[in-house]
Amino acid sequence: KQIMVAAGFYESLQPFEGAIHALRAMAEAGAFVLLVTSPHPLCAGECANEKFRWVERHLGKEWEASLIIARDKTFIAGDILVDDKPRVTGRALPTWVQVHYAKAYSEGVGGVAGRLEAWREFDQVLGGILGE
């Protein structure tokens with residue numbers, strides 16, 4: 001866990017395979033896409049700065065307005081939350097249903113609405129939830 005607070009850690013992460021394409025495809029199809037992330041409690045300020053730089057590098061400056069950094073994601077309104085945490089909880093009753101983005105480091109219970117194994121499946125998994 002020490003690595004997660006090291007300078008440059010978040011900024012140096014590579015996107016998951018297919019994630020950038022999936023985000024752009026959703027936006028081009030008319031979805032209002034928000035990038036919701038939590039700050040690390042031991043380096044909240046610098047980690048947040050790195051996340052903004054990551055978004056600019058991998059998605060472009062225009063996507064920075066879509067980045068929301070929140071300790072409690074249940075306060076963020078939306079239809080679907082895709083998250084690698086097996087079950088996102090908080091103080092509010094979320095408006096979204098969760099899809100668990102399953103990775104080796106986040107094994108556990110699937111999300112309320114489903115499970116996304118790879119970003120190439122986004123249209124089947126998310127479209128199925130939205131009834132499209």
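The values are calculated or read from the model by the stated rules, or taken from the named source; none is laboratory data. These numbers come from a predicted model, not from an experiment. No Cβ is skipped: glycine too gets one built from the backbone with ideal geometry, and neighbour counts run over all protein chains shown. Just so you know, the surface numbers come from the protein's heavy atoms only, side chains and all, with ligands and any DNA or RNA stripped out. Shrake-Rupley method; radii C 1.70, N 1.55, O 1.52, S 1.80 Å.
Over the heavy atoms of Val88, what accessible area does a 1.4 Å probe trace out, to the nearest 10 Å²?
My reading of the accessible area for Val88 is about 20 Å².
For Asp84 and Ser12, what is the calculated FRET efficiency with R₀ set at 22 Å and r taken between the beta-carbons, to the nearest 0.05? Let's see the in-between values first.
Numbers: r = 18 Å, r/R0 = 0.80.
Step by step, r from the Cβ atoms, then E = 0.80.
Quick one: how many Å² of Arg24 are accessible to a 1.4 Å probe, rounded to 10?
Probe radius 1.4 Å; accessible area of Arg24 about 90 Å².
Can you pull the accessible area of Leu130 for me, 1.4 Å probe, Å² to the nearest 10?
90 Å²
Lys and Arg at +1, Asp and Glu at -1: add these up for the other residues within a Cβ distance under 12 Å of Lys51 and post the number.
It works out to a net charge of -3.
At a 1.4 Å probe radius, carbon and sulfur cover how many percent of the accessible area of the chain?
57 percent
For region 28-73, max minus min Cα coordinate along each principal axis, in Å, sorted largest first?
37, 23, 12
What's the percent breakdown of Cα-Cα distances in region 32-104 across 10 Å bins, shortest bin first?
Percent of Cα pairs in each bin: 19, 47, 33, 1.
Using alpha-carbon pairs under 8 Å, 6+ residues apart, how would you state the relative contact order of region 7-132 in percent?
20 percent
Could you order Thr89, Thr37 by accessible surface area, starting with the largest, using a probe radius of 1.4 Å?
From most exposed to least exposed: Thr89, Thr37.
Taking Rg/Rh (Cα atoms, Kirkwood Rh) as the quantity of interest, determine which of (1) 1.04; (2) 0.94; (3) 1.00 was computed from the displayed structure.
(2)
May I ask you to rank Phe9, Phe16, Phe32, Phe75 by accessible area, largest first, using a 1.4 Å probe over the protein chains only?
Phe32, Phe75, Phe16, Phe9
Say a paramagnetic label sat at a point 7 Å from the Cα of Ile20, along Cα to Cβ; which residues of region 52-83 have their backbone N under 20 Å from it?
52-68
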